[in-house]
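S.K.: What follows is a structure written as structure tokens; I'll ask about it next.
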Amino acid sequence: MKPVLIPMSLVLLLAAAAAVASDDSCNVPQDQWQPQQALQTKLEGEGWTIKRIKVDDGCYEVYGVKPGGERVEAYFQPKTLEMINSKSED
């Protein structure tokens with residue numbers, strides 16, 4: 001029974017990776033992007049402290065601190081400035 005678990009785990013891992021890779025939420029022509037400053041202004045208005053904003057795989061990647069003090073790395077869609085994903089850095 002155990003030999004079946006490893007191949008099944010690999011199949012599930014590959015399926016998850018494919019799902020992430022097919023996420024086209026940041027696949028937007030650059031002429032449709034809002035400026036990084038617009039994202040910074042938006043987030044600071046929500047109480048964030050921004051440490052850094054950069055472009056990663058077509059998304060804006062933000063390193064900052066949320067209003068409650070949680071340090072996060074978050075990804076935003078460059079056209080709509082909607083958060084796509086975030087993770088705590090603590």
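Read-outs throughout are calculated quantities, based only on the coordinates presented, and are distinct from any laboratory measurement. Predicted model, so just to flag it, every value in this text is computed and none were measured. Glycine gets a Cβ as well: all are built from the backbone with ideal geometry, and neighbour counts include every protein chain shown.
S.K.: Of all residues being under 21 Å from GLU89 (Cβ atoms), out of contact with any Cys (no Cβ under 9 Å at 6 or more places or on another chain) and not aliphatic (A, V, I, L, M) in the stretch 22-43, which is surrounded by the fewest Cβ atoms within 10 Å (Cβ to Cβ)? Just the residue, please.
M.R.: My answer is LYS42.
S.K.: Also, I was wondering about something else. Within the stretch 44-81, which residues are closer than 16 Å to GLN30 by Cα and loosely packed, with under 14 Cβ neighbours inside 10 Å?
M.R.: Listed by number, the residues that qualify are LYS54, VAL55, ASP56, ASP57, THR80.
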